[in-house]
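Working notes, structure below.
The values are calculated or read from the model by the stated rules, or taken from the named source; none is laboratory data. Just so it is clear, the model here is predicted, and its values are computed rather than measured. Here Cβ is always computed from backbone atoms with ideal geometry, including for glycine, and neighbour counts include all displayed protein chains. Side chains included, ligands, DNA and RNA excluded: accessible areas come from the protein's heavy atoms. Shrake-Rupley method; radii C 1.70, N 1.55, O 1.52, S 1.80 Å.
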Amino acid sequence: MIVSLSYSAYFDASEDRGKQVVVAGYLSSVQEWEQFESSWRLTLAKFKVPYFHMKEFAAKRGPFSAPEWHREAHRAAFLKDLAQIIRGWTVASVGCLMKYDLFHRYNQIYALEERFNAYAICGRDCAA
């Protein structure tokens, strides 16, 4: 019996005020992503939030501004559940950071902007 698995990856990007860009994500099988998505949605429902954005979570804004989100025990339980989902349903994590000063320095030599930008380089490196 031959078993064939298809894999896919999901990435997100973040920028630090023009200093650097980070692209990071996870790899898993298509079947495991389905389980990941189901578990993720159930955890969001359990904690009564429509989504998770770390920026809002850290600042206690948006859906994370309710009184229960000001209790560290509640916040820790939420992050613990999300971390367990990530560990349980993904097979690898990847990430790349590009400092803009480094990109601009090499851009002057190699004309990188003719083909890439910092996000594209990070995304390419994550995929590789």
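So here's what we get for this one:
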{"read-out": "Loop sites in region 21-70: chymotrypsin sites (Phe, Trp or Tyr not before Pro), DSSP, at most 15 other Cβ within 10 Å", "value": "Tyr51"}
{"read-out": "Sequence of Ile86, Ile109 when ordered by accessible area, the most exposed leading, probe 1.4 angstrom", "value": "Ile109, Ile86"}
{"read-out": "Cysteines not pairable in the chain (beta carbon separation under 4.7 Å absent)", "value": "Cys126"}
{"read-out": "Gain in span if fully extended, Ile86 to Met54, counting 0.36 nm per residue against the direct Cα distance", "value": "10.0 nm"}
{"read-out": "Exposed-loop-free span, longest in the chain, where trypsin sites (Lys or Arg not before Pro) count as exposed if DSSP calls them loop and at most 16 other C-beta atoms lie within 10 Å", "value": "72-114"}
